[in-house]
Amino acid sequence: MSSNFLLGTYTSVTHLVEFTAPTPSSPPSLRLVKDLPISRASWITRHSSLRDIWYIAHEADDGGGSIAGVEGKVWVYRISLEGDVARLGEVSAVDNPCHIAVVGEGTGLASVNVSIASYQGLEADG
């Protein structure tokens, strides 16, 4: 059995990878499916029921690192299992969000950093 998931980095790409679980006759494996053009993905979470909708925390950057006191963003993407990417929009987030989570049966998005939290309501389509 295999599953695809995203690996975020502080570089210019996010990796779509496929994990295959071990079997009695083979070890587990991890395979790069595609590098996606999504930069500085510090935290990634998937919608709880809309499985092709992903929320990706993006910290503000001045080219040398995160900028304190500058609003970060959470980008909303539709990403297929094959790696087709469509950016659907963005929502404001706390100053440089370091964690995001879909909450309330998919009706909201929480974002936090080390000192503050925020909540955004979500439409039915994510």
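The values are calculated or read from the model by the stated rules, or taken from the named source; none is laboratory data. None of the values given here were measured: they were computed from a predicted structure. We place every Cβ from the backbone using ideal geometry, glycine too, and count neighbours over all the protein chains shown.
Among the residues that make up region 63-79, is at least one of them farther than 16 Å from P97 by Cβ, modelled with pLDDT of 90 or more, among the hydrophobic types (A, V, I, L, M, F, W, C) and in contact with an Asp or Glu (Cβ under 7 Å, 6 or more places away or on another chain)?
Within region 63-79, one or more residues are farther than 16 Å from P97 by Cβ, modelled with pLDDT of 90 or more, among the hydrophobic types (A, V, I, L, M, F, W, C) and in contact with an Asp or Glu (Cβ under 7 Å, 6 or more places away or on another chain).
How many residues are over 22 Å from N113 (Cα atoms) and of a type outside the set (K, R) when one looks only at region 13-49?
From region 13-49, those over 22 Å from N113 (Cα atoms) are 13, 15-37, 49; that's our starting set.
Filter once more, so that each one left must be of a type outside the set (K, R): 13, 15-30, 32-33, 35-37, 49.
Residues meeting the conditions: 23.
Results for (1) closer than 13 Å to R46 by Cα; (2) hydrophobic (A, V, I, L, M, F, W, C); (3) touching a residue at least 40 places away in the same chain (Cβ under 8 Å), shown as yes or no for each residue.
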{"residue": "G89", "(1), (2), (3)": "no, no, no"}
{"residue": "G104", "(1), (2), (3)": "no, no, no"}
{"residue": "G108", "(1), (2), (3)": "yes, no, no"}
{"residue": "V114", "(1), (2), (3)": "no, yes, no"}
{"residue": "Y119", "(1), (2), (3)": "no, no, no"}
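So, of the residues in region 111-126 that are among the hydrophobic types (A, V, I, L, M, F, W, C) and within 16 Å of S49 (Cα to Cα), which turns out to be surrounded by the most Cβ atoms within 10 Å (Cβ to Cβ)?
L122
List the residue pairs whose Cβ atoms are under 7 Å apart, where the first residue sits in region 1-25 and is under 18 Å from A41 (Cβ atoms) and in contact (Cβ under 8 Å) with a residue 60 or more places away in the chain, the second is part of a loop (DSSP other than H, G, I, E, B) and aromatic (F, W, Y), and the two are 6 or more positions apart or on different chains.
Partner pairs satisfying both residue conditions: none exist.
Restricting the search to region 32-55, which residues are in contact (Cβ under 8 Å) with a residue 60 or more places away in the chain and under 11 Å from T9 (Cα atoms)? Lay out the reasoning, then the answer.
First, the residues of region 32-55 that are in contact (Cβ under 8 Å) with a residue 60 or more places away in the chain: 47, 50, 53.
Answer for region 32-55, where residues must be in contact (Cβ under 8 Å) with a residue 60 or more places away in the chain and under 11 Å from T9 (Cα atoms): there is none.
State which residue is farthest from N4 (Cα to Cα) when the search covers only region 82-105 and only residues that are at pLDDT below 85 and not in a strand (DSSP E or B).
For region 82-105, the residue satisfying everything is N96.
Please state which of the following conditions Y10 fails to meet, knowing it meets all the rest: (1) of a type outside the set (G, A, S); (2) within 19 Å of H99 (Cα to Cα); (3) surrounded by fewer than 18 Cβ atoms within 10 Å (Cβ to Cβ); (4) modelled with pLDDT of 90 or more.
Tallying (1) of a type outside the set (G, A, S); (2) within 19 Å of H99 (Cα to Cα); (3) surrounded by fewer than 18 Cβ atoms within 10 Å (Cβ to Cβ); (4) modelled with pLDDT of 90 or more, Y10 fails exactly one: (4).
If I filter region 39-50 for residues that are surrounded by fewer than 16 Cβ atoms within 10 Å (Cβ to Cβ), modelled with pLDDT of 85 or more and of a type in the set (A, V, I, L, M, F, W, C), do I get at least one hit?
Yes, that holds for at least one residue.
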